[in-house]
Amino acid sequence: MSLRERKKAETKRHISEVALGLFVERGFDQVTVAEVAQAADVAANTVYNYFKVKEDLVLPPVSRDRLAAIVRGRGPGQSAADAVLATLRDELRRRDRNLGLAEGFGRFLEMMRAAPTLSARLVTLAEQMVDDLAAVLAEEAGAGPGDPMPALVAEQLGWVHAHVLREIGRRTAEGQDPSAIAIATLERLDVIESLLGERVRTYGSRA
């Protein structure tokens, strides 16, 4: 990146970190964008330049592309399910912070669940992930508008992804250690894979 791009990325990251700290400390609905700007030592308009709405400070819109991006980037011989399962396993083994496998995630999760707009956005985000994945699968398969397979496979893989996140959230709320959560969720993922039908497991295999 150029120096200008690096500075913009640093500013965006700084604003996001400051905002998350305030949200966790005081609650999402109790903090205004103006207060975030003041704490980050930037103008309110600067915050809106990087984050269109307040919720973007917690859940960026680009995250809707997660499942579609995983499947688009799969390797030769991998099916869509293979790619999603492999990515989740890798993230669990690495204790990836994006899955919430980090100390302090419990407070962040409480903040998310206490904010109705964030909870609603999570539901919408999950639906968008499935829709985007279905579009990728349909395009790659050359599926016609009457073919239900891309959407059905996408829904099942979306459920797998959502279940992993729910399991991590449930165990986090119980106060379990991130390492223990990762190990237990990996075991749960093995069971989930064994329950997937062959057509789902092999759909979209890349030559």
* Qualifying position, being in a loop (DSSP other than H, G, I, E, B), farther than 21 Å from Met149 by Cα and touching a residue at least 60 places away in the same chain (Cβ under 8 Å), among Arg95, Arg89, Arg74, Arg107 -> Arg95
* Structure fact -> Out of (1) touching a Lys or Arg at 6+ places or on another chain (Cβ under 6 Å); (2) within 28 Å of Asp190 (Cα to Cα); (3) at pLDDT below 95, the one Glu55 does not meet is (2)
* Answer from Gly104, Gly77 - the residue that is open to solvent by less than 60 Å² (accessible area, probe 1.4 Å) and farther than 23 Å from Val200 by Cβ -> Gly104
* To do: Report, by residue number, each residue of segment 80-101 that is open to solvent by 60 Å² or more (accessible area, probe 1.4 Å) and touching a helix residue (DSSP H, G or I) at 6+ places or on another chain (Cβ under 9 Å).
  => Arg93, Arg94, Arg95, Arg97, Asn98
* Using beta carbons and a limit of 7 Å, which pairs, at least six apart or on different chains, have the first residue in segment 122-138 and more than 21 Å from Arg74 (Cα to Cα) and the second one in a helix (DSSP H, G or I)? -> Leu125/Ser63; Leu125/Arg64
* To do: Could you please find all residues in segment 14-53 being touching a residue at least 40 places away in the same chain (Cβ under 8 Å) and within 19 Å of Pro116 (Cβ to Cβ)?
  => Leu20, Phe23, Val24, Gly27, Phe28, Asp29
* Considering only segment 142-182, state which residues are loosely packed, with under 15 Cβ neighbours inside 10 Å, touching a residue at least 60 places away in the same chain (Cβ under 8 Å) and not in a loop (DSSP other than H, G, I, E, B). => Ala173, Ser179
* To do: Determine which member of the set Glu167, Glu140 is farther than 23 Å from Leu92 by Cβ and either of a type outside the set (Lys, Arg) or modelled with pLDDT of 95 or more (or both).
  => Glu140
* Asked: What is the one condition in (1) within 30 Å of Glu174 (Cβ to Cβ); (2) surrounded by 12 or more Cβ atoms within 10 Å (Cβ to Cβ) that Tyr48 does not satisfy?
  -> (1)
* To do: Taking only segment 56-74 into account, find how many residues are more than 26 Å from Ala180 (Cα to Cα), of a type in the set (Val, Ile, Thr) and open to solvent by less than 50 Å² (accessible area, probe 1.4 Å).
  => 1
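The values are calculated or read from the model by the stated rules, or taken from the named source; none is laboratory data. Just so it is clear, the model here is predicted, and its values are computed rather than measured. As a convention, Cβ positions derive from the backbone with ideal geometry for all residues, glycine included, and neighbour counts pool all protein chains shown. The accessibility values were calculated without ligands, DNA or RNA, using every heavy atom of the protein model including side chains. Shrake-Rupley method; radii C 1.70, N 1.55, O 1.52, S 1.80 Å.
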